[in-house]
Amino acid sequence: MMMDDIQDRLSSLDATKIFFTDLNGRLMSLPVNPAHLPNILRDGIGFDGSSIAGMAQVDNSDRQLFPDIDSLRIIRFNDQTLGCFIGRIFNERGLRSQADPRAVLERVVEHAEKEYGYRFLLGPEHEFFLLTGDEFGEKGHSDDAGYFVATPHDKGEKVRNRIISILAQCGIEFEKAHHEVTPSQHEINLVPTKPLDAADRTIIFNHVTHQVAREFGYYATFMPKPFDNQNRSAFHIHLSMTDRESRNLFHDADREYNLSTLARQFIGGIVKYGRETSLVMASTLNSYKAYVLEREAPVIRGWGLKNRSSMVRIPYTVSPQNTRIELRNPDPSGNPYLQIATLIAIGLRGIEEGLDCGKPDHGSTYSHSTNRRIWDQRLLPKSMFEALVEAERSKILPEILGKRIYGSYLAIKNADWEEHRTHVTPRELNKYLGN
C-alpha cells in the first residue's frame, strides 16, 4: 500500500496509535497525527525513555519510536476506530535500543533462520477472567460456569464473540473459543503464525479484550490467579519448527513417540533451563501462587505425551505436519516478546548442546511432587524469590535477553519482591495479631 493510501485511510479514523511494551509486558500507546506519518517513518517520534520501566536512565533518556509500517491494523470498537502500528525503539545514536523487548525476539528468530534454517509456527492460548469489577473476591465473579458450559450459564459468550469479530476485521483469525474451567474464566485461541506476529497479536488481543469487556460492563484481567483454590489463567504456547520448505522438523515417524531427534533435543533444552528462565515465563508474585498440585499448572520439570500436568506437553494430533510442543508454565502477566524469545532460545540451546529429554512423565506429575524439598532443583520455582535466585545465577538468560534488559529486568522484579517481602498483609494481621 502506498503512503498516500495509508494516510487517506488513517485520516478518517478517530485515532492513530503506536503500540509497544515495557519490560513487564504492559502496553504503552503513543497517539500520532497521520498527516505527519512520512516524517515519523523517516525520523521516528521522540519520547522520554526514563519514564518507562527498564527503558532508560534519566540522564540519557531520549528515545525514538518508529512504527513498523507492515504492522498496521484497523481496530473498530463501538465508540471509536483506531489505526494501530507496533513500534520499534531506537536510541539517540540511531541504533536499535537494547531495552526494546521486541528486538530480543527479532534477534532470536533471525539467529534460528540464519544459522540453521529453522522457522517456527506459534499459537498461544489466551486465557483471562471477566469480572464484575476490579474489586477482587468471590463477589467479583461474572458467572459460576465451568469448562465448555454453554449459555445462559456462560455469561461471557457475547464478549468472546465481540472480541473475535473485532480481531477478524483487522486480520487476526481465531481457532476456538470457550468458557474455561474456573468461574468467570475464558479462553480464545488464535491461529498459529510466526513468532513476532504471535507476540504482536498478543498485545493487540489483550488491548481489545480490555476494551470489549468494558463495553459489556465487565472488567477483564490477565492476572494469573485472582482466586484462591481455583485454576489460574495461563499463556500456554504451542510451537512447531519447520525448515525453509515448511517441513515439520519435530516429526519423525520412525522414532519413538514420532518425535524427531531435534524435537527431543529442543524439549531437553526447555527442561534443563526451565528453572532459571522461570522469572520470564511467570513474572509476577501472583504467578507462583498458581504452581500448586492438581490445578493444571506444572510443578515438576519434565515433559509428557498428552499430559496436562507436565511442563512440556506433546498434544495428540492426526497430521504429522501439526506435531508440536506445548509449553505450559508461562502465564499472561509476562512480556510475550521475552517469553516467546526465551522459549525458542532455550530450545535451540538444547539442540546445540545435543541434549535429550529422557523419558516422558507417566501419570500425574503431581503425585511425584508431594515429597518436595524446600529448595528442589527437580521442580519449577515455587516463589518469585526462588525464581529470582535462579535467574541471577543463570548464564543463559543474559545471553538471551542481552545484558541491558537482563539487568533491568532483575532489578524491577527484585523491587517487586522487596515491596512484597516488607509489606504487612491482611492475612498476617488475621493470623498473628492475637499472638
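The numbers here are math on the coordinates, done by the rules we state, and not lab data. What you see is a predicted model; the values in this text were computed from it and never measured. Ideal geometry is used to build each Cβ from the backbone, glycine not excepted, and the neighbour counts take in all protein chains shown.
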Discussion item. Using a Gaussian network model on the chain with a 10 Å cutoff between Cα atoms, which of Pro38, Pro360, Pro67 fluctuates the most?
Written reply: Pro38
Discussion item. Over the chain, with a Gaussian network built from C-alpha contacts below 10 Å, which listed residue (Gln211, Gln169, Gln339) shows the highest mean-square fluctuation?
Written reply: Gln169
Discussion item. Here are labelled values, (1) 22.7, 66; (2) 26.1, 88; (3) 21.8, 73, and one is the computed Rg and Dmax of the Cα atoms in Å for what I pasted. Which one?
Written reply: (3)
Item to complete: Could you compute the FRET efficiency for Lys176 and Asp79, with r as their C-beta to C-beta distance and R0 at 41 Å, rounded to 0.05?
Response: 0.90
Practice prompt. Please give the length that would be gained between Lys306 and Lys359 if that part of the chain were fully extended, namely 0.36 nm times their separation in residues minus their C-alpha to C-alpha distance (nm, one decimal).
Written response: 17.7 nm
Response to the item:
Given Cβ charges of +1 for Lys and Arg and -1 for Asp and Glu, the option among Ala234, Ser394, Val108 whose Cα lies farthest towards the positive end of the dipole of the chain is Ser394
Fill in: Additional length obtainable on full extension of the chain from Asp243 to Asp43, 0.36 nm per residue less Cα span
68.4 nm
Worksheet item: Normalised by the residues of the stretch 3-95, what does the relative contact order come to in percent, with Cα pairs under 8 Å and at least six apart?
Response: 30 percent
Worksheet entry | R0 of 22 Å, Cβ-Cβ distance Arg214-His153: FRET efficiency to nearest 0.05 | 0.45
Worksheet item: For Trp417 and Trp375, what is the calculated FRET efficiency with R₀ set at 22 Å and r taken between the beta-carbons, to the nearest 0.05?
Response: 0.85
Item to complete: Using the number of other C-beta atoms within 10 angstrom as an exposure proxy, rank Phe77, Phe129, Phe148 with the fewest first.
Response: Phe148, Phe77, Phe129
Item to complete: State which entries of Lys139/Lys194; Lys114/Lys395; Lys155/Lys289; Lys17/Lys158; Lys17/Lys382 exceed 29 angstrom in Cα-Cα distance in the structure shown.
Response: Lys139/Lys194; Lys17/Lys382
Practice prompt. For the stretch 408-416, just list the computed ³J(HN,Hα) in residue order, Karplus coefficients 6.51, -1.76 and 1.60, θ = phi - 60°, integers in Hz, with x standing in for Gly and Pro.
Written response: 5, 5, 5, 5, 5, 5, 5, 5, 4
Item to complete: Kindly put Ile18, Ile374, Ile164 in sequence by how many other C-beta atoms sit within 10 Å of each C-beta, fewest to most.
Response: Ile374, Ile164, Ile18
Worksheet entry | Chain lengthening between Glu399 and Ile69 when straightened (0.36 nm per residue, less Cα-Cα) | 115.9 nm
Practice prompt. With springs connecting C-alpha atoms under 10 Å apart, model the chain as a Gaussian network and identify which of Thr422, Thr261, Thr317 has the largest mean-square fluctuation.
Written response: Thr422
Discussion item. Can you tell me, using C-alpha contacts under 8 Å and at least 6 residues apart, the relative contact order of the chain as a whole percent?
Written reply: 15 percent
Worksheet entry | Note, ³J(HN,Hα) from phi for the stretch 209-214, Karplus 6.51, -1.76, 1.60, rounded to Hz, x at Gly and Pro | 4, 4, 5, 5, 4, 5
Worksheet item: Placing +1 at every Lys and Arg Cβ and -1 at every Asp and Glu Cβ, with all other atoms neutral, what dipole size does the chain have around its Cα centre, in debye to the nearest 20?
Response: 900 debye
Response to the item:
Once both label points are put 7 Å beyond Cα along the C-beta direction, the Asp197-Asn322 separation in nm becomes 1.9 nm
Response to the item:
Fewest-first ordering of Thr21, Thr425, Thr132 by Cβ atoms within 10 Å yields Thr425, Thr132, Thr21
